[in-house]
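The values are calculated or read from the model by the stated rules, or taken from the named source; none is laboratory data. For clarity, every value in this text was computed on a predicted model and none was experimentally measured. Ideal geometry is used to build each Cβ from the backbone, glycine not excepted, and the neighbour counts take in all protein chains shown. Just so you know, the surface numbers come from the protein's heavy atoms only, side chains and all, with ligands and any DNA or RNA stripped out. Shrake-Rupley method; radii C 1.70, N 1.55, O 1.52, S 1.80 Å.
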Amino acid sequence: MRVIVLGAGIVGVTSAYQLAKAGHTVTVIDRQKGPALETSFANAGEVSFGYCSPWAAPGIPMKALKWLFMEHAPLILRPKIDGAMLSWLLRMLANCTSERYAINKSRMLRLADYSRISLAALRKETAIEYDQRMQGTLQLFRTQVQLDASAKDVEALAADGIPYEVLDRDACVRTEPALAHVREKIVGGLLTPKDETGDCFKFTNELAKKAEQLGVRFSWSTEIKGLDIEAGRVRGVVTKWGTLPADAVVVALGSYSPLLLKCHGIKLPVYPVKGYSLTIPITDSSRAPESTIMDETFKIAITRLGDRIRVGGMAEISGYSNDLGLARRSTLEHSVMDLFPGGDAKEATFWSGLRPMTPDGTPAIGPTKIAGLFLNTGHGTLGWTMSFGSARVIADLVSGRKPEIDATDLAVSRYALSHCQKSHGG
């Protein structure tokens, strides 16, 4: 078939690659001049197959209120008159129950573990290089309360067969030797050893080249005007250059997906949540991380990428604004320099990107009510992690094959189903 993929971030490019492997003629359309120039450009660098949790969790509403008054807050809310923001926040709050958390986390872990397998296969067949390391993620706890609260995550990991280790202070230092300099600041950690790290921008660009070798065509600097739909079926994509015909279209536009879809009667509960990152050159490797550390206090990931440290995190709910806030830079610097002062923060590159978040944390992958129109979006902070498995799922669905994992509860229709069940007391 002729398949058009909308978006050339990590999710769009992996989708295009897998669709081409499945034998389709694939075109990727993006408004930027190259791959991974928006949300995939400078993310935290962690590929978190085990450290994989929905933001909507029990206790989050109370924590969120407390965070709003912290100097180095992991959450920043800038309320505005915005129906989409309010609707998304209310849906997210509805998912902050133990029952919903368990369901959503199980979905995420299922897709993430499949993504781990898919990335290993992709790496084997392409020999792709992207500053990758396979040394796990260490979720670092500065207080006993944080360590005790990790029990719910341990339970979910065990239920899904995901390897993990609960570490005391000494074991954390053995895992990340640079922590020896600040051992008194930590009480323990949760290690997910199958997690990986890597430069998402490098990976996406290298995979785009390999996709081109498979025949994928990229249309850069191309504005998408809308979809050409006739008799309930997608027929193509309308661009500033004209209409490109297609038998199937995959929407992988991240936070901008709902803006396109609402014009065609599809309500997608995806909202942009801004994240920030610093990329710091390493000056003292003995005080730099070996892999990824998640600083639980500030919800900030600190990752080793070759000769650089990537520091990423925070959640700013402020609509589609991509302005850089200097106070956010201060928070990133505080977290990394407090634990790993092995880089030159003055020489750091500061960046922000809009993560496409769903209220339950699970991406929207699958068909829509319009025949031939598919979604692969809403991955939130885990697009880098889930992209490989998501791409294989969407390639199977477009090709009319049953995916290798259960993907029925990943489709956007789950929101309508939940509403229907709730309305009938189910």
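For region 73-144, the solvent-accessible area of protein heavy atoms averages 48 Å² per residue (probe radius 1.4 Å; ligands and nucleic acids excluded).
Protein heavy-atom surface of region 271-398, 1.4 angstrom probe: 49% of the accessible area is carbon and sulfur, with nucleic acids and ligands not counted. Classify region 1-138 as rounded, prolate or oblate, taking a ≥ b ≥ c as the square roots of the eigenvalues of its Cα gyration tensor: rounded when a/c is under 1.5, otherwise prolate if a/b is larger than b/c and oblate if not. Prolate, because a/c is 1.5 or more and a/b exceeds b/c. Sorting the segments 52-65, 22-35 by their mean number of nearby beta carbons within 10 angstrom, highest to lowest, gives 22-35, 52-65.
Pairs Lys80/Lys240; Lys274/Lys402; Lys80/Lys267; Lys21/Lys202; Lys33/Lys402: which exceed 23 Å Cα-Cα? Violating the 23 Å Cα-Cα cut-off are Lys80/Lys240; Lys274/Lys402; Lys33/Lys402. Taken along its three principal axes, the alpha carbon spread of region 20-97 comes to 50, 35, 27 Å, from the longest extent down to the shortest. Solvent exposure of region 1-68 amounts to 35 Å² per residue of accessible area, where only protein heavy atoms count and the probe is 1.4 Å. In this structure region 189-342 gives 37 Å² per residue of accessible area when probed at 1.4 Å with all protein chains present. Here region 21-80 and region 293-336 have alpha carbon centers that stand 11 Å from each other. Run the helix sum for the chain: -39,500 (n - 2.57) per DSSP H stretch of 4+ residues, divided by residue count, reported at 222 nm to the nearest 500 deg cm²/dmol. Only helices count here, giving -10500 deg cm²/dmol.
For region 43-112, the share of accessible area belonging to carbon and sulfur comes to 66 percent (1.4 Å probe, ligands and nucleic acids excluded).
For the peptides 3-11, 355-363, residues were scored by their other Cβ atoms within 10 Å and the scores averaged per peptide; the highest-first order is 3-11, 355-363. The DSSP beta bridges internal to the chain are antiparallel in roughly 70% of cases.
What helices does the chain have that are whole DSSP H segments, at least 18 Å long along their own axis by Cα, and with mean Kyte-Doolittle hydropathy of -0.5 or more? Before the final figure, lay out each step's value.
Details: long enough: 98-126 (41 Å, -0.60); 200-213 (20 Å, -0.78); 326-339 (20 Å, -0.16); 383-398 (21 Å, 0.81).
Membrane-span-like by this rule: 326-339, 383-398.
Provide the net charge surrounding Met108, with neighbours chosen by a C-beta distance below 10 Å and charges set as Lys +1, Arg +1, Asp -1, Glu -1. Within the 10 Å Cβ shell, the charges total 0.
Between the residues Phe374, Leu332, Thr283, the greatest Cα displacement towards the positive end of the dipole of the chain, with unit charges on the Cβ of Lys, Arg, Asp and Glu, is found for Phe374. 3J(HN,Hα) along region 268-273: 10, x, 10, 9, x, 10 Hz, from the Karplus curve 6.51 cos²θ - 1.76 cosθ + 1.60 with θ = phi - 60°, whole Hz, x for Gly and Pro. In terms of the mean number of neighbouring beta-carbon atoms within 10 Å, the peptides 114-124, 237-247 order highest first as 114-124, 237-247.
Proximity of backbone amide H atoms, modeled 1.01 Å from N, is registered between Leu75 and Ala315 at under 5 Å, excluding neighbours fewer than 5 places apart on the same chain. An ellipsoid equivalent to region 241-360, defined through the eigenvalues of its Cα gyration tensor, has semi-axes of 35, 16, 13 Å when rounded to whole angstrom and sorted largest first.
If you roll a 1.4 angstrom probe over the protein chains with everything in place, what fraction of the accessible area of region 133-233 belongs to carbon and sulfur, to the nearest %? Walk me through the numbers before you get to the answer.
Details: 2310 of 4840 Å².
Carbon and sulfur atoms account for 48 percent of the accessible area of region 133-233.
Its Cα gyration tensor gives the chain an equivalent ellipsoid. The semi-axes, each the square root of 5 times an eigenvalue, are 34, 24, 21 Å from largest down.
What does the charge add up to near Arg355, with Lys and Arg as +1, Asp and Glu as -1, over the other residues with Cβ less than 12 Å from its Cβ? Write out the running numbers ahead of the final one.
Values: positive: Lys274; negative: Glu38, Glu316.
Every neighbour counted, the sum reads -1.
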